[in-house]
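In what follows, a single structure is set out as structure tokens and then discussed.
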Amino acid sequence: MENAKQWHHVFCHICPAHCARKVAVENGEIVAVVPDKESPYPSTPCLYNKSQIMKEVRSHPDRLQYPLKRVGTRGGGKWERISWDEALDTIAEKINGYKEQFGADSVAFLLGEPKELEFAFAQRFASVFGTANCVTPGNY
């Protein structure tokens with residue numbers, strides 16, 4: 001039995017405008033992307049309707065969908081799948097090690113193009129960690 005089409009409210013991540021969009025998902029795949037006129041956030045139509053490639057980005061065969069850990073030498077191109085818990089523990093161990101060895105300001109938190117409250121959460125995390133180094137491409 002096929003799943004019914006379900007609509008979800010999202011933000012387009014293709015350009016910095018982050019327009020509000022609605023995506024229709026059917027059988028686990030995006031089948032439509034339209035401006036979200038119900039959203040209080042901007043939903044300006046793209047001049048070239050860039051948001052249509054969200055379907056391709058979502059289903060691209062090279063898209064990472066789970067954490068990977070390098071196996072062997074750097075540059076060898078060999079990876080193994082690990083759990084989210086192992087990935088988060090590894091990251092925490094690394095950044096805490098840098099903090100202990102070089103001080104909290106030796107660590108910087110960098111975001112892509114933050115949407116909604118992502119930058120506020122990153123700033124709070126950086127503050128609790130003890131660094132003021134929290135950066136985005138737009139340097140908001």
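Every number in this text was worked out from the coordinates using simple rules, so none of it is lab data. Please read all numbers here as calculations on a predicted model, not as lab measurements.
Summary of values
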read-out	value
Between helix 84-102 and the chain: long-axis angle, C-alpha atoms, 0 to 90°, nearest 10	40 degrees
Amide proton proximity set for L68, modelled H, under 5 Å, gap of 5+	I82
Amide proton proximity set for T131, modelled H, under 5 Å, gap of 5+	none
Built amide H within the under 5 Å cut-off of I14, gap 5+	none
Backbone HN-Hα couplings from phi across region 55-65 [Karplus 6.51/-1.76/1.60, Hz, Gly and Pro as x]	4, 5, 4, 4, 10, 4, x, 8, 5, 6, 10
Bridge type composition, the chain - antiparallel percent by DSSP, nearest 5	90 percent
Table column - 3J(HN,Hα) (Hz), region 15-29, Karplus curve with 6.51, -1.76, 1.60, x for Gly and Pro	9, x, 5, 6, 4, 6, 9, 10, 10, 9, 10, 9, 6, x, 10
Under the Karplus curve 6.51 cos²θ - 1.76 cosθ + 1.60, θ = phi - 60°, whole-Hz ³J(HN,Hα) for region 73-83, x wherever Gly or Pro sits	7, 4, x, x, x, 10, 9, 10, 6, 10, 6
Pairwise Lys count, the chain - Cα closer than 13 Å, eight or more residues apart or different chains	4
GNM flexibility winner over the chain from E80, E56, E29 (Cα, springs under 10 Å)	E80
